[in-house]
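So the structure is just underneath, and the comments pick up after that.
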Amino acid sequence: MDLKHLRSFVVLAEELHFGRAASRLGISQPPLSQQIHLLEETTGGPLFARTSRRVELTEAGRLFLPEARAVLLRMDEAMLVGQRAVHGELGELKIGFTASAPLANIMPTLIHAFRQTRPDVHLTLLELLSSLQVQALRDGRLDVGFLRAPSDPAAQDDEVTAVALQSEELLVFLHAHHRLAALPPEARLVLAELKDDAFVHFSAEAGASTSGQFHALCREAGFEPRIIQEAREASTIIGLVEAGLGVTLLASSFRSISLPHVVTRRLAEPVPLLTTWLAHRTHDPSPVVAAFLALAARQGRLPR
């Protein structure tokens, strides 16, 4: 059964006039008569009673009409779903993120904007370390990921592409009574000035992206950091700084964790940076992923 024939039947049933029905359908009367004839052959009997003066539905036609309308409505709904899916307006987007990614304003900004423009896309968010996100992207457990790393975390991976979204400075977090806290806020510290200080930082189990960068920076400054306390969460580390246990080096976005006796100071040039990356499968055909990347590009966060 041709859907075109069903649509012609419904229009003729509403008009009960071949000329008006043909005009609504944008065809001439002979093709309309042929379509109704073919439909009646399929149903096995007449759907219309025709005389020289009028057209009426038969009993079979009256019973068939609501069913035909339901089929056409369902088809229109299916077409709309298909069109919206093709344009990335329906479906699911699985998003990975590191624990600190929401503190950098780029991640919440993009997700909020996407929810505003694609409210019917279901978002599933999963907190994972950057290294685990890359593997999850390969495995299809994630569609996109917000990673935090000093350099491209997918540079050696052909299956995953990562694009820099936002870079921020690493800052020194000090207790307000620390000797270097007396310097003016605009002063820049040389990391070697902290070589004799105790540090608090992420534990190895936390897998923080800044951990390797932190140790490398200290070695470049000529010393090995003396870490006296480790923690898994940045808020805990900053709390330990306020308790006077030591100093630490964290991304500037962590200043949003404001404690009354903790101050920050910038490091001397060249300023070490931590970058937030948006990663995705290199050849992902998903329209939803394409829509998310397009949104990031429109906001000037990605190359077009």
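Bear in mind that the values in this text are calculations on the coordinates, not laboratory data. All values reported here derive from a predicted model rather than from experimental measurement. Quick reminder, even Gly has a Cβ in these numbers, built from the backbone with ideal geometry, and neighbours come from all protein chains shown.
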Would you mind estimating how fast segment 41-153 diffuses translationally, via Stokes-Einstein at 20 °C and 1.002 mPa s with the Kirkwood radius over Cα pairs, in µm²/s? 115
With each label point set 7 Å from Cα along the Cα-Cβ vector, what nm distance links residue 92 and residue 266? 4.5
Ranking 235, 100 by Cβ neighbours within 10 Å, fewest first, what do you get? 235, 100
Amide hydrogen neighbours beyond the local backbone of residue 48, cut-off 5 Å, H modeled: 58
Scale the Cα Rg of segment 84-200 by the rule-of-thumb value 2.2 N^0.38 Å and send over the ratio, two decimals. 1.43
Viscosity 1.002 mPa s, temperature 20 °C: what is the translational diffusion coefficient of segment 82-137 from Stokes-Einstein with a Kirkwood Rh over Cα pairs, rounded to a whole number of µm²/s? 173
Where nothing but the Cβ of Lys and Arg (+1) and of Asp and Glu (-1) is charged, how large is the charge dipole of the chain around its Cα centre, in debye to the nearest 20? 960
Dimensions in Å of segment 249-304 - Rg and Dmax from alpha carbons: 17.3, 50
What FRET efficiency, computed as 1/(1 + (r/R0)^6) with R0 = 45 Å and r the Cβ-Cβ distance, is obtained for residue 23 and residue 282, rounded to the nearest 0.05? 0.30
Once a ≥ b ≥ c are taken as the square roots of the eigenvalues of the Cα gyration tensor of segment 167-274, is the result rounded (a/c under 1.5), prolate (a/b larger than b/c) or oblate (a/b not larger than b/c)? rounded
I'd like to know which of 27, 3, 42 lies farthest towards the positive end of the charge dipole of segment 1-43, counting +1 on Cβ of Lys and Arg and -1 on Cβ of Asp and Glu. 27
Helical mean residue ellipticity (222 nm; -39500 (n - 2.57) per DSSP H run of 4+; nearest 500) of the chain: -12500 deg cm²/dmol
Taking the Kirkwood radius as the inverse of the mean 1/r across Cα pairs, report the Rg/Rh of segment 209-251. 0.96
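At 37 °C and 0.692 mPa s, grab the translational diffusion coefficient of segment 3-86 from Stokes-Einstein with a Kirkwood Rh over Cα pairs, rounded to a whole number in µm² per second.
Working: Rh = 13.4 Å.
In µm²/s, the coefficient is 245.
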Calculate the spin-label point distance for residue 14 paired with residue 220, positioning each point 7 Å from the Cα along the beta-carbon direction, and give it in nanometres. 7.0
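Please work out how much length the chain gains when fully extended from residue 294 to residue 176, using 0.36 nm per residue of separation minus the C-alpha to C-alpha distance, in nm with one decimal.
Working: separation 118, 0.36 × 118 = 42.48 nm, distance 4.40 nm.
Stretched fully, the residue 294-residue 176 segment lengthens by 38.1 nm.
Quickly rank 239-251, 28-40, 45-57, 168-180 as a protection proxy: mean count of other C-beta atoms within 10 Å, highest first. List each step's numbers first, then the result.
Values: 239-251: 20.8, 28-40: 15.7, 45-57: 12.3, 168-180: 18.8.
Sorting 239-251, 28-40, 45-57, 168-180 by mean packing, highest first, produces 239-251, 168-180, 28-40, 45-57.
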Given Cα pairs under 8 Å that are at least 6 residues apart, what percent is the relative contact order of the chain? 21
For a quick check, take a GNM of the chain with Cα springs below 10 Å and name the residue from 121, 200, 71 with the largest mean-square fluctuation. 71
Residue 113/residue 74 FRET efficiency (R0 35 Å; Cβ-Cβ; nearest 0.05): 0.60
For segment 249-254, Karplus couplings with θ = phi - 60° (6.51, -1.76, 1.60), whole Hz, Gly/Pro x: 10, 9, 5, 4, 5, 6
If one builds a Gaussian network model of the chain from Cα atoms under 10 Å apart, the most fluctuating residue listed among 237, 228, 27 is 27
Tell me, what HN-Hα J-couplings in whole Hz come from the Karplus equation 6.51 cos²θ - 1.76 cosθ + 1.60 at θ = phi - 60° for each residue of segment 163-178, using x for Gly and Pro? 10, 5, 9, 7, 10, 9, 6, 8, 10, 8, 9, 10, 5, 4, 9, 5
What whole-number volume per residue, in cubic angstrom, does the convex hull of the C-alpha atoms of segment 31-75 give? 88
GNM of the chain, Cα pairs under 10 angstrom: of 41, 159, 220, the biggest fluctuation goes to 41
